[in-house]
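The structure appears right after this line, and notes come after that.
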Amino acid sequence: MKKTKRIFRWLAGILYPRRCPLCGELLSRKEKRVCNICRPSVQLIEEPFCLKCGKPLARPEQEYCQDCLRNRRHFDAGRAAFPYLGKFRKSIRDLKLHNKRSYGAFFAEAMTAVLQEEMDRWEIDVIAPVPLHPKKRRYRGFNQAELLAFPIGEALEIPVIPDLLCKREETAEQKELDRKSRQKNLKKAFKIGPYDVKLSRVLLVDDIFTTGSTVDAAAAVLKEAGAEAVFFLTACIGTEREGGMQETEAIGERHGKRKPDPYNDRHSGL
């Protein structure tokens, strides 16, 4: 039996060679999730970040990002593993748009590390991947949110219900719209599946958080159905837009420096 498994692993390595999710280079046998060159850049978002959505902030005296100060949020709080910049941005887009599903394990493991920091405060009952419209799912072949959610749930022993939320109708691409159009686009887009969510503490999982319109619309539906609290966790999150390119570069520079990092310390096998 062990010999058979070794043969299958050997064949899989030939047919589907492992690649670094951040640069796409082939991984050696000794390299686990990430190549040795990219490993130093793998750092989770650390303070200062928005106390509401977890978006990285450029100034340590800030508590909330401009988006959360200006807009009412239906979710209670959220976090993300990485800033939506550079290699992380390219990698998560490759996962979603270019069928690089193998990259999901890297992001799910990082997201699990983030969630572990919030477990005592959030007290999650159930994980709900943000759904895709069935037509889009058939075209893509998978839902990237589910790809991330299931390993997280398994690692932390939290049930994952993929159809807790359903997409009621197909919506236009969010990236092409401004904030008001996004909110209108998402209105009535979600509905609750055949489940009772009253008094539940729900964690929404998705790949990217930019303005937060998608997560907020989903949270609103869950709250209307009686959920006690709704949190979110994403692989990547957009950076603070106030201050323009200079501030974005400052955030990116901070997350590119090599410094003691709990993610690398706890997950040296990556």
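Rule-based calculations on the coordinates, nothing more; no lab input. The shown structure was predicted, so the numbers you read here are calculated from the model rather than taken from an experiment. Cβ coordinates were reconstructed from backbone atoms using ideal geometry, including for glycine residues, and neighbour counts include every protein chain displayed.
Table for the structure above
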quantity	calculated
Loop GluC sites (Glu not before Pro), the stretch 89-172 (other Cβ atoms within 10 Å of the site Cβ: 13 or fewer; DSSP)	Glu123, Glu157, Glu169, Glu170
Under 5 Å, built H, 5+ apart or other chain: amide partners of Leu165	Gly193
Gain upon complete extension [Glu157, Ala105; 0.36 nm per residue less C-alpha separation]	17.1 nm
Sequence of Met111, Met119 once ranked by neighbouring C-beta atoms within 10 Å, starting from the fewest	Met119, Met111
